[in-house]
1. In 5 Å bins starting at 0, how do the alpha-carbon pair distances of the range 117-247 split up by percent?
2. Tell me, V204, V228, V67 in order of fewest to most beta-carbon neighbours within 10 Å?
3. For the pairs K136/K213; K136/K157; K136/K197; K109/K136; K74/K202, note any where the Cα-Cα span goes beyond 21 Å.
4. Which length gain, in nm to one decimal place, applies between T139 and A151 when the Cα-Cα distance is subtracted from 0.36 nm times their residue separation?
5. For I101, I233, I137, which order do you get if you count the other beta carbons within 10 Å of each Cβ and list the fewest first?
6. How do R155, R168, R88, R198 line up, fewest other C-beta atoms within 10 Å first?
Amino acid sequence: MRRLGGISRYSKEEKIVRDVATSLDMTKTVLALTIGFLAISFLRAQETSPSPSPSETPARSVRISFVPPPLEGKISLGIYNEGGQLVRVLHQEAEFDEFAIGPDALSTKWDGKDDYDYDLPAGKYSARGFLVAPMKIGTETITTSAAPSGANSVRIKLVANPLENNERPTVDICAGFDDDDVYLQTIDGLPLVTVAKRQDAKSVLLAAGRDNKSMIVFLSNGTNVRQVEVSGIIKMMAFDCGTFELK
């Protein structure tokens with residue numbers, strides 16, 4: 001600091017140092033106030049934010065495990081209520097890698113909903129399905145005659161699953177369709193194997209083929225009849241996943 005005529009004067013350098021110190025003090029004050037304001041806001045938010053309602057429950061999920069039958073093919077798996085009614089097609093013609101693969105079983109999850117995405121009531125349910133070996137789908141033929149007499153369903157004998165105590169398993173097969181495809185399904189509605197595109201078909205019928213080892217599917221639109229033969233139909237094994245509780 002210099003003295004001129006008895007009056008104290010700050011040099012340029014000293015003034016800069018003083019201004020910087022003052023600025024730092026103000027910055028510290030502003031920073032402290034900001035931190036304090038944020039802390040108060042956070043505490044108020046914690047006090048005023050709504051807590052989860054006791055009535056809100058987490059999504060229901062049931063884990064289903066099963067040992068797949070010793071057969072190469074695809075898996076169709078359904079969920080059934082206590083009355084034995086199919087309420088959900090959980091897997092349709094699924095590959096093995098669509099399931100979680102554990103050391104000794106395959107597993108999947110069910111969200112407690114039906115095929116229309118509605119929550120089903122709590123209670124006991126069961127899961128069972130079929131492993132379907134590759135089948136030969138014949139070439140379609142078309143006729144203009146009326147569809148021959150057929151059946152709504154055909155009973156076939158399955159390959160016995162050595163993992164289950166069922167020496168003479170059978171299943172009733174019928175034909176079903178959706179907007180796109182025609183498929184063979186169990187009589188209670190579980191699709192097993194897709195056999196053709198629906199196109200304009202309005203009705204489908206079945207007839208047993210040679211030696212009851214094949215089926216003939218007739219698809220009629222009212223004018224023409226498309227016919228396709230499915231061979232190797234008996235190459236299926238049934239399996240049961242048991243019962244479980246849906247909360």
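1. 2, 10, 18, 21, 16, 12, 10, 7, 4, 1, 0
2. Details: V204 23, V228 17, V67 14.
Taking fewest neighbouring Cβ atoms as first place, the list is V67, V228, V204.
3. Working: K136/K213 11 Å; K136/K157 18 Å; K136/K197 15 Å; K109/K136 31 Å; K74/K202 28 Å.
Violating the 21 Å limit, Cα to Cα: K109/K136; K74/K202.
4. Values: separation 12, 0.36 × 12 = 4.32 nm, distance 2.12 nm.
Extending this stretch completely gives an extra 2.2 nm.
5. On the way: I101 11, I233 25, I137 16.
Lowest to highest Cβ neighbour count: I101, I137, I233.
6. Numbers: R155 12, R168 7, R88 22, R198 16.
Taking fewest neighbouring Cβ atoms as first place, the list is R168, R155, R198, R88.
Since every read-out is calculated from the coordinates, none of them should be taken as a lab result. All of these numbers come straight from a predicted model, not from anything done at the bench. Cβ atoms come from the backbone with ideal geometry, glycine included; neighbour counts cover every protein chain shown.
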